[in-house]
Structures are given as structure tokens and as C-alpha cells.
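Accompanying notes for the structure given below.
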Amino acid sequence: MTDRNDTLFERARAVIPGGVNSPVRAFKAVGGTPRFIQRAQGAYFWDANDKRYIDYIGSWGPMILGHGHPAVVEAVQKAVLEGFSYGAPTEREIELAEAILALVPSMEMVRLVSSGTEAAMSALRLARGATGRKSIIKFEGCYHGHADALLVKAGSGLATFGNPTSAGVPPEVVQHTIVLEYNNLQQLEEAFALHGHDIACLMIEAIAGNMNFVRATPEFARRCRELCTQHGALLVFDEVMTGFRVGLHGAQGVLGIKPDLTVLGKVIGGGMPLAAFGGPRAIMEQLAPLGPVYQAGTLSGNPVATACGLATLKEIAKPGFYEALGQKTRSLVDGLKAAAAAEGQPFNADSEGGMFGFFLMKDLPQNYATVMTTDNAQFNALFHGLLDRGVYIAPALYEAGFVSAAHTDDDIAATVEAARDIFRKR
Ligand code: KE4
């Protein structure tokens with residue numbers, strides 16, 4: 001029987017570079033043919049051969065409710081009948097901004113944009129504009145989208161290709177980007193001692209989902225906050241992945257740390273192109289049209305996307321949502337650890353809220369270099385073993401996994417059983 005994924009992939013590669021519109025989707029890291037998804041519902045999606053998968057990427061984070069939540073579908077259907085885009089302000093943008101600010105106390109104002117890259121890039125420009133400084137700190141293994149100044153040793157996509165920097169980024173553009181080792185206190189202290197006077201901001205994924213799942217230690221996160229305050233630099237939490245994913249108040253809520261700027265995306269759009277960045281009024285009012293830092297976007301605050309995002313936020317803000325989601329994700333992680341242990345396989349995993357990660361090693365890694373020691377062949381065998389069994393995890397070792405409110409205990413049990421079957425056969 002013809003495999004329609006193969007046919008579609010061949011057609012796609014004729015007209016789209018690599019056959020995909022975002023590199024990680026191409027399965028280059030894991031090998032094989034990407035699955036062309038035809039439809040999704042709840043915790044599942046179906047590929048071009050109409051094979052069903054339990055979906056643990058959830059569009060790389062946005063689909064926290066699962067696919068096709070009725071309240072979200074209804075809100076989007078209603079919105080599209082009122083118009084797709086106006087290029088003028090709408091009441092719903094105010095509603096979404098107010099909803100975000102109510103849930104992210106470190107923010108007094110927020111600007112909506114269309115992608116996480118745009119939000120991180122804009123937050124970076126704002127930090128430089130607000131401080132009048134040039135240097136920025138980022139960490140190996142953290143990915144903040146593909147703006148030139150931030151595309152240095154990114155952990156997502158590029159790391160998968162084992163290519164820590166991108167062609168086309170002139171050295172001049174990244175000469176002010178200091179890249180440190182995640183969780184390395186000594187490097188952090190040195191960087192501020194040397195450059196503290198010129199550091200505009202430190203940007204970090206406080207739970208790094210682009211190294212699969214690596215937490216900033218509480219001490220490291222606290223020192224980032226203290227050193228930024230001490231040197232007049234802005235602490236920027238990139239919560240595009242963790243925002244409303246690891247908890248209602250994101251990684252900053254989990255860590256109890258108040259960043260100066262927060263970058264959001266994914267969940268706040270509910271699967272539609274919507275992201276945001278925000279912080280204190282004094283900083284945010286540096287933005288055009290009020291202040292000198294320019295930033296703009298044709299589809300920023302798009303009325304259909306804001307309807308999708310608002311309907312999503314309304315559901316996740318309901319009492320008990322994250323308790324249930326966190327419990328479910330932990331049961332997956334605990335089940336996988338038990339299955340690996342039962343088969344004598346080196347394995348460890350961690351989760352927070354609806355986000356999880358695992359490593360084919362005994363101890364949880366603390367940084368990118370350790371993550372990179374993972375046996376790719378073993379991961380790829382696990383990936384394809386699960387895929388064959390109808391379980392779709394991220395097609396790259398360096399990506400986190402996501403559980404939605406739609407995943408059932410049976411889905412979790414089936415996933416654990418599939419993994420155990422693979423561990424057993426090793
Ligand atoms: P987008 O431009 O892809 O919307 O967001 C960029 C971004 C920024 N910050 C963080 C912490 C992110 O994780 C991302 C994007 N995440 C990847 C997955 N690791 C998106 C998947 C892809 O690149 O196709």
C-alpha cells in the first residue's frame with residue numbers, strides 16, 4: 001500500500017525547503033519520513049494514512065486543552081464571522097491583555113505580537129533601548145526564536161543539527177551576545193564582573209524546554225535576578241514555552257522570581273499565531289508610539305487569534321486545572337521511569353505542570369553539554385518504536401514533551417506500556 005506520508009513528503013520537498021515550514025518537523029534528527037497530519041481531536045492526531053497517534057508535542061506547547069476544545073472552537077468560529085483582521089484596535093485585545101496581566105503579576109503592560117521569535121526579538125530591542133546598553137547574556141541550550149542576535153548556540157532545531165550557530169548571521173550582529181553555560185554560577189559571576197556595566201539584559205528559559213527539560217537551579221535563578229538588579233540589567237524570562245504551561249503563573253511562579261520582562265507565546269494563542277512580551281509600565285512605555293523603541297506588526301493582536309487565546313486562558317484559569325494536569329504528567333513520567341528501571345535501562349525524567357522531559361541517562365542533566373552526551377541512536381530507536389506504536393513524541397532529543405487536559409489515564413498507560421515494550425527489546 002502507498003504510504004501517503006512518503007508521497008506527500010516527496011511533493012513537499014519539491015516546493016518547500018526540506019518539505020517543511022519549520023526545520024524540526026523534517027525528522028532530520030531522528031530519520032524517517034515525517035507524518036503529514038490530516039486532523040486532530042483531543043489528545044490525538046491522524047496522519048495521511050489515517051493512523052492515529054497519541055500527541056505529546058501539542059503543536060510544541062500551545063494545545064494545552066487538547067485539540068478542538070468546544071469552547072475554543074466556538075469562540076474562533078464566532079470571531080471569523082465578525083472578520084479575520086482589521087489592522088485597527090479591538091476590545092478583545094484589551095480583554096486578552098487584561099487577562100494576561102491578571103495572571104502575570106510581574107507585568108503591568110503587554111504588547112501582543114504573532115510569534116515567539118517576534119516577542120523575544122522585540123523584548124531584546126526594548127531592553128537595549130530602555131537601558132542604552134548593547135550586551136546581552138543568553139545560555140547554551142536555550143532557544144529564543146531565530147532573531148539573528150539570539151541565534152547563537154540555540155538548543156532547539158540547530159542543536160538537533162549539531163550546528164550551534166546559523167549561517168547568515170554576521171559576526172558583528174552577535175558580537176554583543178555573551179553565551180554562558182546554563183546553571184554555571186562561576187561563568188555568570190565572571191560575565192557580570194567583566195561586562196556588568198554594559199549588559200542590557202539576561203535572557204533565560206528558567207525551565208529550559210529547548211534542552212528537553214532542564215531546570216535552572218533555584219540558586220542560579222536567584223543569582224541571575226540579583227546580578228541583574230545589582231548591575232542595572234534587565235532580567236528577561238523567555239516563557240514562550242513555560243508560560244501557562246508549567247503552571248498558571250509560569251516558571252516565574254514556580255521559582256518565585258520576578259523578571260523585568262517576560263516573553264510569552266504558544267499557550268496564549270491556543271494554537272493560533274499569537275505571542276506577547278510585557279513588563280513594568282516605565283519600561284513598556286518606551287515602545288512606539290509612546291517611546292523611542294520601534295516595534296510593529298500587521299497581524300499583531302489579530303481578532304481571530306485573540307479569540308482563540310482568550311477562550312484558552314479562560315479554560316486554564318479554572319480551579320483545579322493545573323493540579324489535574326500536573327498529576328497526569330507526573331504519572332506519565334513516573335510510569336516511564338518505572339518501565340525503564342524494570343528493564344534495566346538508564347533513564348531519568350522530570351515534569352512541571354503539563355510539560356515533561358526525559359533523558360536516556362541516570363541523572364538529570366544540568367546543562368547543554370551534558371544533554372549532548374545522549375546516545376542519539378538509542379533516542380531515535382525509542383522515537384520510532386513509539387511512533388510505530390501510535391505514540392508521537394518530539395522528533396528531536398532536545399525538545400520537551402507536552403501533556404494536555406485531553407490526555408486520559410488510558411493514554412498514559414498505553415504510552416508507558418509502549419515504552420516498556422521497547423525498553424524490553426533492547
Ligand atoms: P516561535 O517563533 O517558534 O513562535 O517561538 C520561538 C521560541 C521562543 N522561545 C522559546 C522558549 C521557544 O521554545 C520557541 C519556539 N519553540 C520551538 C520548539 N522548541 C518551536 C518549534 C519549531 O521551531 O518548529
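The values are calculated or read from the model by the stated rules, or taken from the named source; none is laboratory data. Predicted model, so just to flag it, every value in this text is computed and none were measured. For neighbour counting, all protein chains shown are included, and Cβ atoms are generated from backbone atoms with ideal geometry for every residue, glycine included. Each accessible area value is taken on the protein alone, full model and side chains, heavy atoms only, with ligands, DNA and RNA left out. Shrake-Rupley method; radii C 1.70, N 1.55, O 1.52, S 1.80 Å.
Worth pointing out:
- Within straight-line reach of residue 28, meaning a Cα separation under 17 Å, sit the following aspartates and glutamates at least 8 residues removed in sequence or on another chain: 6, 10, 375, 399.
- Only beta bridges with both residues in the chain are counted; by DSSP, about 55 percent of them are antiparallel.
- Ligands, DNA and RNA are left out, and with a 1.4 angstrom probe the accessible area of the stretch 70-316 is 39 Å² per residue.
- Computed label-point distance, nm, for sites residue 134 and residue 198 using a 7 Å Cα→Cβ extension: 0.6 nm
- The packing ranking of peptides 360-370, 302-312, highest mean first, is 302-312, 360-370, where packing means the average number of other beta carbon atoms within 10 angstrom of each residue.
- Ranked by the mean number of other Cβ atoms within 10 Å of their residues, highest first, the peptides 396-404, 261-269, 23-31 come out as 261-269, 396-404, 23-31.
- Close amide-amide hydrogen proximity is noted between residue 405 and 65, 66, each under 5 Å apart and 5 or more residues distant or on a separate chain (H modeled in the peptide plane; Pro and chain starts excluded).
- Computed on the Cα atoms alone, the convex hull of the chain gives a volume of 140 cubic angstrom per residue.
- In the stretch 70-316 the Cα-Cα distances spread across 10 Å bins starting at 0 as 8, 33, 36, 18, 4, 0 percent of all pairs.
- For the stretch 11-18, backbone phi angles converted through the Karplus equation (6.51, -1.76, 1.60; θ = phi - 60°) give residue-by-residue couplings of 5, 4, 5, 6, 10, 10, x, x Hz, Gly and Pro being listed as x.
- Candidate residues 333, 173: accessible-area rank, largest first, probe 1.4 Å: 173, 333
- Each of 26, 311, 180 was scored by the projection of its Cα onto the charge dipole of the chain, and the greatest displacement toward the positive side belongs to 26; charges sit on the C-beta of Lys, Arg, Asp and Glu.
- Integer Hz, Karplus 6.51/-1.76/1.60 couplings in order for the stretch 275-287, x for Gly and Pro: 9, 6, 9, x, x, x, 4, 4, 7, 5, 7, 7, 7
- Residue 137 long-range amide H proximity, modeled H, under 5 Å: 178, 201, 202, 203
- Paramagnetic reach from residue 2 (point 7 Å along Cα→Cβ, amide N under 20 Å) across the stretch 27-43: 33-39
- By accessible area, using a 1.4 Å probe on protein heavy atoms only, the stretch 70-316 has 57% of its surface on carbon and sulfur.
- In a simple Cβ point-charge model (Lys, Arg +1; Asp, Glu -1; nothing else charged), the stretch 259-403 has a dipole of about 340 debye relative to its Cα centre.
- Efficiency of FRET from Cβ geometry, residue 338 and residue 318, R₀ 30 Å, rounded to 0.05: 0.45
- Which listed pairs, of 138/318; 138/266; 318/362; 138/328, have C-alpha distances above 25 Å, in listed order: 138/318; 318/362; 138/328
- Ordering of 224-236, 208-220 by packing [mean C-beta count within 10 Å, highest first]: 208-220, 224-236
- If both residues of a DSSP beta bridge must be in the stretch 70-316, then about 40% of such bridges are antiparallel.
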